[in-house]
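Asker: There's a structure below that I have some questions on.
The values are calculated or read from the model by the stated rules, or taken from the named source; none is laboratory data. Note that this is a predicted model, so its numbers are computed, not measured. Quick reminder, even Gly has a Cβ in these numbers, built from the backbone with ideal geometry, and neighbours come from all protein chains shown. Ligands, DNA and RNA are stripped out before the accessible areas are found, and what is left, the full protein with its side chains, is counted by its heavy atoms. Shrake-Rupley method; radii C 1.70, N 1.55, O 1.52, S 1.80 Å.
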Amino acid sequence: MAKTFVAKIEAFAEESLQKAEAITKESIQDVFEVAQTPKAKGGRMPVDTGFLRNSLTMFLNSTSLTSGVDSYGFAIVGFKLGDTVLGAWTSDYAVHQNYGTTKFAGNMFMDDAASQWEAIVNRNAKKYK
């Protein structure tokens, strides 16, 4: 009987870890999708030539993976709980487009997406209850 109880606890723990990883992966993807959504489609990302969107470079545990519009998918594939995922827009004007300058207001595409993290995680967690 004790083995059955222990086996149930171990199975619950394994299932919980798998769910936590899935929730985290989906949430990372969702945050970058929010950040990359063009203004023309209701987002905050300014798109003229597409260079800014394509300058997104993803890092997994400090290793640069790839860059491009949907590059966050590569980070998600290799992600495990405890890893660090970082996305950076590397165009020269990314910071100016996000925060603005003395000549124009910023679009806040990075900050707006990051501020939604908790809500995104909560929404994804509900899927796994």
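Asker: For Met58, Met110, write out the residues from largest to smallest accessible area, computed with a 1.4 angstrom probe and no ligands counted.
Answerer: Highest to lowest solvent-accessible surface, that is Met110, Met58.
Asker: Ordering Phe51, Phe104, Phe109 by how much accessible area each has at a 1.4 Å probe, largest first, what is the list?
Answerer: Most to least solvent-accessible, the answer reads Phe51, Phe104, Phe109.
Asker: Within the set Lys39/Lys103; Lys39/Lys129; Lys41/Lys127; Lys41/Lys129; Lys3/Lys126, which residue pairs have Cα atoms separated by over 27 Å?
Answerer: Pairs exceeding 27 Å: Lys39/Lys129; Lys41/Lys129; Lys3/Lys126.
Asker: Tell me, what % of the accessible area of the chain is carbon and sulfur with a 1.4 angstrom probe? Don't skip to the end; give the middle numbers.
Answerer: On the way: 4770 of 8260 Å².
Accessible surface attributable to carbon and sulfur in the chain totals 58 percent.
Asker: Identify, among Gln18, Ala94, Val47, the residue whose Cα sits farthest towards the positive end of the charge dipole of segment 3-119, taking +1 on the Cβ of Lys and Arg and -1 on the Cβ of Asp and Glu, with the dipole about the Cα centre.
Answerer: Ranked along the dipole, the leading option is Val47.
Asker: Can you list the aspartates and glutamates whose alpha carbon is less than 16 Å from that of Lys25, not counting same-chain residues fewer than 8 positions off?
Answerer: Once the sequence-local aspartates and glutamates are set aside, what remains near Lys25 is Glu15, Glu33, Asp70, Asp83, Glu118.
Asker: Excluding ligands and nucleic acids, what accessible area in Å² is computed for Ile76 using a 1.4 Å probe, to the nearest 10?
Answerer: Rounded to the nearest 10, the figure is 20 Å².
Asker: Here's another thing I want to ask about it. Would you mind working out the accessible area per residue for the chain, using a 1.4 Å probe, and quoting it in Å²?
Answerer: Dividing the accessible area of the chain by its residue count gives 64 Å².
Asker: Something else about it: Which of the following values of Rg/Rh (Cα atoms, Kirkwood Rh) was calculated from the structure shown: (i) 1.12; (ii) 0.99; (iii) 0.91?
Answerer: (i)
Asker: Can you tell me the dipole magnitude for segment 33-89 around its Cα centre, using point charges on the Cβ only (Lys, Arg +1; Asp, Glu -1), in Debye to the nearest 20?
Answerer: So the dipole magnitude of segment 33-89 works out to roughly 140 debye.
Asker: Also, quick follow-up: Of all DSSP beta bridges located in the chain, what percent are antiparallel, nearest 5?
Answerer: Around 90 percent antiparallel, to the nearest 5.
Asker: In debye to the nearest 20, how big a dipole does the chain give about its Cα centre with +1 on each Lys and Arg Cβ and -1 on each Asp and Glu Cβ?
Answerer: For this selection, approximately 340 debye.
Asker: Residues with amide H under 5 Å of Met45's amide H, sequence separation 5 or more or different chain, H placed in the peptide plane at 1.01 Å from N; which?
Answerer: Here the answer is Thr37, Lys39, since their amide H atoms fall under 5 Å of that of Met45.
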